[in-house]
Amino acid sequence: MLAEMGLRVWAPLPTLAASGPAVGVGAEPPTSPEAIAAPRPASVRTQHVAQGPAPARAPSPPPVPPNPTVERPSGLEHMDWAALQTAVSQCTACKLCTGRTQTVFGAGSVLAHWLVVGEAPGEQEDRQGEPFVGKSGQLLDNMLRAIQRTRGDTFSDGRRAEAAHQVYIANAVKCRPPANRNPEPTELVQCEPYLVRQIELLRPRIILAMGRFAVQSLLRSTEPIGRLRGRVHHYQGVPLVVTYHPAYLLRNPQDKAKAWDDLRLALRVVQGASA
Ligand code: URA
Ligand code: SF4
């Protein structure tokens, strides 16, 4: 049943094509349950590599007002990607720094139109220094593949992905909480300025907030995902769609169909905006 669910829900549906052609790529091969076990291409390990001259981006959103309870690390608003990544790697602003092997900054092209925000690194992410490399990451990759999006710079069949098809992935919290416990509100607040700066630098066309901690950081809402999904929110002028976290979907496969609806909503929003 679970495998059937995965196949049915994540295979690209005819409605995807009907909702507007994907720019510059043909149809992705259908996702299969076997793909869940397939290793991701090496290209996904590339972090923050600028790809040629930057195309015209959407105008900068107004700066995010700092959360009043936290002091922004000094100079953050002037940091480029490299400086920001260094600042995160040296951060000791909350107690999560004591248990980490390394910080997990984010991954993907800095030109990506899509931003996925997750929760916090798990054991594998902490070990490898990359977001979403465990089981949740495999599901996330399949979800992205189903909407012809990728965190790498090529699709799994080797075709080059344009910025419109690329996804940058970041977490609300950059250090692994011990024993994979939930991030605490103070940790989310302490780490938030880094995510804010990542969004300022990336200027995504669409944000997919996965799970309640991403939502807590970005929308400052503690409402359940079920009440926030299904409509378009905005974060500093950027459309934001809320959906379930892949780890939740692994435990509750019956909700994959709703997540699939959320992905299609995000796709419609971003395609409508660029039409
Ligand atoms: N879950 C997340 O939210 N982020 C990761 O990087 C891994 C699992
Ligand atoms: Fe700093 Fe964020 Fe790590 Fe806390 S979780 S130590 S705020 S980088």
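The values are calculated or read from the model by the stated rules, or taken from the named source; none is laboratory data. Because the structure is predicted, anything quoted here is derived from the model rather than measured. We place every Cβ from the backbone using ideal geometry, glycine too, and count neighbours over all the protein chains shown. Please note that ligands, DNA and RNA were not included when accessible areas were found on the heavy atoms of the full protein model with its side chains. Shrake-Rupley method; radii C 1.70, N 1.55, O 1.52, S 1.80 Å.
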TODO: Check Arg220, Arg264, Arg229, Arg205 and return the single one that is under 13 Å from the mean Cα position of the chain (by Cα) and open to solvent by 40 Å² or more (accessible area, probe 1.4 Å).
DONE: Arg205
- [ ] Considering (1) assigned to a helix (DSSP H, G or I); (2) open to solvent by 10 Å² or more (accessible area, probe 1.4 Å); (3) closer than 23 Å to Glu77 by Cα, say which one Ala179 fails and leave the rest.
- [x] (3)
Task: Residues within the range 132-176 that are within 24 Å of Arg264 (Cβ to Cβ), basic (Lys, Arg) and assigned to a loop (DSSP other than H, G, I, E, B), tallied - done: 3
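Considering every residue within the range 105-119, establish whether at least one is of a type in the set (S, T, N, Q) and free of Cβ contacts under 8 Å to residues at least 60 places away in the same chain.
Within the range 105-119 (the criterion being of a type in the set (S, T, N, Q) and free of Cβ contacts under 8 Å to residues at least 60 places away in the same chain), the answer is no, since none of the residues qualifies.
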Task: Pair list, Cβ < 8 Å and 6+ apart or interchain, from the range 126-137 residues that are on the phi < 0 side of the Ramachandran plot to residues that are hydroxyl-bearing (Ser, Thr, Tyr) - done: Asp126/Thr101; Arg127/Thr101
Task: Selection within the range 214-234 - touching a residue at least 40 places away in the same chain (Cβ under 8 Å) and touching a Pro at 6+ places or on another chain (Cβ under 8 Å) - done: Gln216
TODO: Give just the number: which of (1) more than 10 Å from ligand 1 (Cβ to nearest atom); (2) surrounded by 22 or more Cβ atoms within 10 Å (Cβ to Cβ) does Gly129 not satisfy?
DONE: (2)
Task: Qualifying residue in the range 98-105 (condition: among the aromatic types (Phe, Trp, Tyr), within 12 Å of ligand 2 (Cβ to nearest atom) and in a loop (DSSP other than H, G, I, E, B)) - done: yes
- [ ] Identify all residues within the range 259-273 that are in contact with a helix residue (DSSP H, G or I) (Cβ under 8 Å, 6 or more places away or on another chain) and closer than 11 Å to Gly230 by Cα; write none if there are none.
- [x] Ala259, Trp260, Leu263, Arg264
- [ ] Please find, within the range 70-97, the residue that is most open to solvent (accessible area, probe 1.4 Å) out of those that are within 9 Å of ligand 2 (Cβ to nearest atom) and in a helix (DSSP H, G or I).
- [x] Lys95
Open item on the list: Could you check the range 199-214 and list, in sequence order, the residues that are over 20 Å from Leu267 (Cβ atoms), within 14 Å of ligand 1 (Cβ to nearest atom) and out of contact with any Ser or Thr (no Cβ under 8 Å at 6 or more places or on another chain)?
Closed with: Phe213
Open item on the list: Just to be sure I understand, how many residues within the range 148-197 are of a type in the set (Gly, Ala, Ser) and touching a residue at least 60 places away in the same chain (Cβ under 8 Å)?
Closed with: 6
Open item on the list: Looking at the range 185-228 only, could you name the residues that are within 16 Å of ligand 2 (Cβ to nearest atom) and of a type in the set (Val, Ile, Thr)?
Closed with: Thr186, Val189, Val196, Ile199
